[in-house]
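A short write-up of the structure that comes next.
The values are calculated or read from the model by the stated rules, or taken from the named source; none is laboratory data. Here the structure is a predicted model, which is why all the values come from computation and not from measurement. Neighbour counts run over all protein chains shown; Cβ positions are idealised from the backbone, glycine included.
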C-alpha cells in the first residue's frame, strides 16, 4: 500500500573520475571530459539523499529513472492524502469481502467512481473533469492504454466545453454562473498525453475520429447540458492534435 521507494546509492561525492578513478582538481558543475581517460562524466543530484554526485553516463540515466519513479510515487501518495479516509474505508471493505489485498490503483478507481457521482450530482463539473483525468492517469499507470486513451478523450471533450464548479442546480444561479461556458482551453499536458497514447496504440486519424465521436456522444448523452456538440469538438481536436 503506497510504499516509498528505497533508492540504491549511485555515484560518488569523491573528487575522482567515475571511470578511471583519477583524482580530479575540483568538483565539476557540468558534463566534463576526464583529462586522464578521455571519457565524459556528469554531475547529478540523486533522490536517495539529495547529494550532488559524480556519475558515469549510464549512472546518470539510472538516476534520472530514479527521479521519474520518485515523482510517480509522490504523485500517488499526494492523491492518497487527498482521499485518505475514503481510500482506507474502501480498502478495508474489499479486503473483508475477498480476503485479498487490493492494489492501490484498484482502490483509487473505486474512490474516483464515488467522487464522480458526487460531483455530477452537485454540478461541480470542473472537479468532475479533474477526476476523469485522475482515472486516465491511473489506467495509464496500469498500462491499460486503450481505456486510458478514452478517458483522456473525455477530458479533452470536457475541456472544450469549459467546465465550471457550480455546487447547485438552482436555475436562477446557473443563469448567471453556467455549468459550462463553452470556452475551450486545452492544457498542453492533455495534448501531449493524447499524442503519446495515439503513438503507442498506432491509431490512424480516421480511427481516432470515430473513437472520439463515440466517446463524446456517450458523454453528451450523460451530461445533456454540454454546449459544444461532438462534431464541433472534433474540429477543435483535429486542429489542436493533428495540426500542432
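Could you tell me which numbered condition residue 143 fails, if it satisfies all but one of (1) over 30 Å from residue 72 (Cβ atoms); (2) surrounded by fewer than 14 Cβ atoms within 10 Å (Cβ to Cβ); (3) under 22 Å from the mean Cα position of the chain (by Cα)?
Going through (1) over 30 Å from residue 72 (Cβ atoms); (2) surrounded by fewer than 14 Cβ atoms within 10 Å (Cβ to Cβ); (3) under 22 Å from the mean Cα position of the chain (by Cα) one by one, residue 143 breaks only (1).
Residue by residue, here is whether (1) surrounded by 12 or more Cβ atoms within 10 Å (Cβ to Cβ); (2) in contact with a strand residue (DSSP E or B) (Cβ under 9 Å, 6 or more places away or on another chain); (3) under 30 Å from residue 115 (Cβ atoms) holds:
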position: 5; (1), (2), (3): yes, no, yes
position: 16; (1), (2), (3): yes, yes, no
position: 26; (1), (2), (3): no, no, no
position: 58; (1), (2), (3): no, no, no
position: 94; (1), (2), (3): yes, no, yes
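Quick one: which residue in 94, 90, 2, 10 is modelled with pLDDT of 90 or more, in a loop (DSSP other than H, G, I, E, B) and touching a helix residue (DSSP H, G or I) at 6+ places or on another chain (Cβ under 9 Å)? Show your work before the answer.
Numbers: 94 fails: in a loop (DSSP other than H, G, I, E, B); 90 fails: in a loop (DSSP other than H, G, I, E, B); 2 fails: modelled with pLDDT of 90 or more.
Checking each option against the conditions leaves just 10.
Out of curiosity, is residue 74 more than 21 Å from the chain's Cα centre (by Cα) and closer than 22 Å to residue 136 by Cα?
Numbers: more than 21 Å from the chain's Cα centre (by Cα): no; closer than 22 Å to residue 136 by Cα: yes.
So residue 74 fails the test.
If I filter segment 47-61 for residues that are out of contact with any helix residue (DSSP H, G or I) (no Cβ under 7 Å at 6 or more places or on another chain), closer than 30 Å to residue 180 by Cβ and at pLDDT 95 or above, do I get at least one hit? Steps first, please.
First, pick out the residues of segment 47-61 that are out of contact with any helix residue (DSSP H, G or I) (no Cβ under 7 Å at 6 or more places or on another chain): 48-54, 56-61.
Checking the rest, the ones that are also closer than 30 Å to residue 180 by Cβ come to none.
Taking every residue of segment 47-61 in turn, none turns out to be out of contact with any helix residue (DSSP H, G or I) (no Cβ under 7 Å at 6 or more places or on another chain), closer than 30 Å to residue 180 by Cβ and at pLDDT 95 or above.
In segment 37-47, which residue that is more than 30 Å from residue 87 (Cα to Cα) and in contact (Cβ under 8 Å) with a residue 24 or more places away in the chain is farthest from the chain's Cα centre (by Cα)?
Step one: of segment 37-47, the residues more than 30 Å from residue 87 (Cα to Cα) are 37-46.
When the remaining residues are screened for being in contact (Cβ under 8 Å) with a residue 24 or more places away in the chain, the result is 41, 44, 46.
Details: 41: 32, 44: 25, 46: 23 Å.
Result: 41.
Only one of these conditions is not met by residue 29: (1) farther than 22 Å from residue 143 by Cβ; (2) in a helix (DSSP H, G or I). Which number is it?
(2) is the only condition that residue 29 fails.
Would segment 93-105 turn up any residue that is within 25 Å of residue 8 (Cα to Cα) and within 22 Å of the chain's Cα centre (by Cα)? I'd like the intermediate steps shown before the answer.
Just the residues of segment 93-105 that are within 25 Å of residue 8 (Cα to Cα), to begin with: 103-104.
Applying the additional criterion that residues be within 22 Å of the chain's Cα centre (by Cα) yields 103-104.
There is at least one residue in segment 93-105 that is within 25 Å of residue 8 (Cα to Cα) and within 22 Å of the chain's Cα centre (by Cα).
Considering segment 50-81 alone, what residues qualify as being without any contact (Cβ under 8 Å) to a residue 24 or more places away in the chain and either part of a strand (DSSP E or B) or over 28 Å from residue 133 (Cα atoms) (or both)?
Across segment 50-81, the qualifying residues are 50, 57, 58, 60, 61.
Going residue by residue through segment 125-139, is there one that turns out to be surrounded by 15 or more Cβ atoms within 10 Å (Cβ to Cβ), more than 25 Å from residue 73 (Cα to Cα) and out of contact with any strand residue (DSSP E or B) (no Cβ under 9 Å at 6 or more places or on another chain)?
For segment 125-139, residues surrounded by 15 or more Cβ atoms within 10 Å (Cβ to Cβ), more than 25 Å from residue 73 (Cα to Cα) and out of contact with any strand residue (DSSP E or B) (no Cβ under 9 Å at 6 or more places or on another chain): absent.
Cβ-Cβ under 7 Å, sequence separation 6+ or interchain: first residue in segment 25-36 and without any contact (Cβ under 8 Å) to a residue 40 or more places away in the chain, partner surrounded by 10 or more Cβ atoms within 10 Å (Cβ to Cβ) and assigned to a loop (DSSP other than H, G, I, E, B). Which pairs?
These pairs meet every condition: 27/15; 34/17; 34/19; 34/20; 34/22; 36/17; 36/20; 36/22.
Among the residues that make up segment 124-135, is at least one of them over 17 Å from the mean Cα position of the chain (by Cα), farther than 20 Å from residue 94 by Cβ, at pLDDT 95 or above and outside any helix (DSSP H, G or I)?
Scanning segment 124-135 turns up at least one residue that is over 17 Å from the mean Cα position of the chain (by Cα), farther than 20 Å from residue 94 by Cβ, at pLDDT 95 or above and outside any helix (DSSP H, G or I).
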